[in-house]
Amino acid sequence: MKTKKRKKTTPYSEEIYQKIPTSHLIVFGIYSIFQKKGKCTFEKLIEQCFRSFPKAFSFSRHPKWPDSLKFDRTLRKLREQGLVVGNPNTLFSLTRFGEGVAKNTAQNLKTGLFKKVIIEKPKRDAEINWIHNLKKSGAFQRFLKKKRGFTITNMELRNLLHCTLETPLRVVKQNLIYSLNLAKEFKEKTLIQFLKLCQQILDKK
């Protein structure tokens, strides 16, 4: 039986991508992995970016090898800007602000016409409100009363994550990862348990 060969990522035009900030190329790398329905680990992100933009992410003296140090500081900055969530020990995903940058970068790579990206920086208040809304939701309150045998409907889960029935499953999962990472940052232990259970339920869909 023949096994399907994995498609190789074709590098973008060096002339074009060298004019784009490295941080935006990394955001686009995360976006590309999600578009392929993959999980964005640190290793996968390095591979995706290096294959797409080899000159930007290689060692200067060894251009055939990716330089992982080019990711660490930039990823921290992207998190501070509210574009990316996650860390090298878990998975990376984009916030809605990050998705906007990724789509703009995709357009720039396609056309070679550069449009200035204005990054809308989310306020800390927005993150607090997100956590607050999760905790006051009917589903979470039900979980607090009876954790064993807890279940949640598809509609409830989508409402919880600010999604509709028309929202692609990829986006629903992305919002759940964002919520889980945010709960970890705020050290909300019970909320983390609840979201992990929701994640298990969602993974079965």
(message) I need every pair where a residue in region 172-200 that is within 22 Å of residue 149 (Cα to Cα) has its Cβ under 6 Å from the Cβ of a residue that is not in a helix (DSSP H, G or I), sequence separation at least 6 or different chains.
(response) 176/161
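Checking the conditions here, which among 158, 142 is free of Cβ contacts under 8 Å to residues at least 40 places away in the same chain, surrounded by 17 or more Cβ atoms within 10 Å (Cβ to Cβ), farther than 20 Å from residue 92 by Cα and of a type in the set (D, E, K, R)?
Criteria check complete, one pass: 158.
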(message) Here's a check for you: in region 57-96, which residue that is under 20 Å from the mean Cα position of the chain (by Cα) and among the hydroxyl-bearing types (Ser, Thr, Tyr) is nearest to residue 174 (Cα to Cα)?
(response) 93
(request) Mind checking which helices (runs of 4 or more DSSP H) fall wholly inside region 1-108 and carry at least 1 residues that are closer than 20 Å to residue 177 by Cβ and out of contact with any Pro (no Cβ under 8 Å at 6 or more places or on another chain)? (result) 22-35, 42-52, 69-80
(request) Among what's in region 174-205 and is basic (Lys, Arg) and at pLDDT 85 or above, pick the residue that is nearest to residue 37 (Cα to Cα). (result) 196
(message) I need every pair where a residue in region 56-83 that is without any contact (Cβ under 8 Å) to a residue 40 or more places away in the chain has its Cβ under 8 Å from the Cβ of a residue that is outside any loop (DSSP other than H, G, I, E, B) and basic (Lys, Arg), sequence separation at least 6 or different chains.
(response) 56/70; 57/70; 63/55
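The values are calculated or read from the model by the stated rules, or taken from the named source; none is laboratory data. Computed from a prediction, not measured in an experiment: that's the story for all the values here. Positions of Cβ are backbone-derived with ideal geometry, glycine not excepted, and every protein chain shown enters the neighbour counts.
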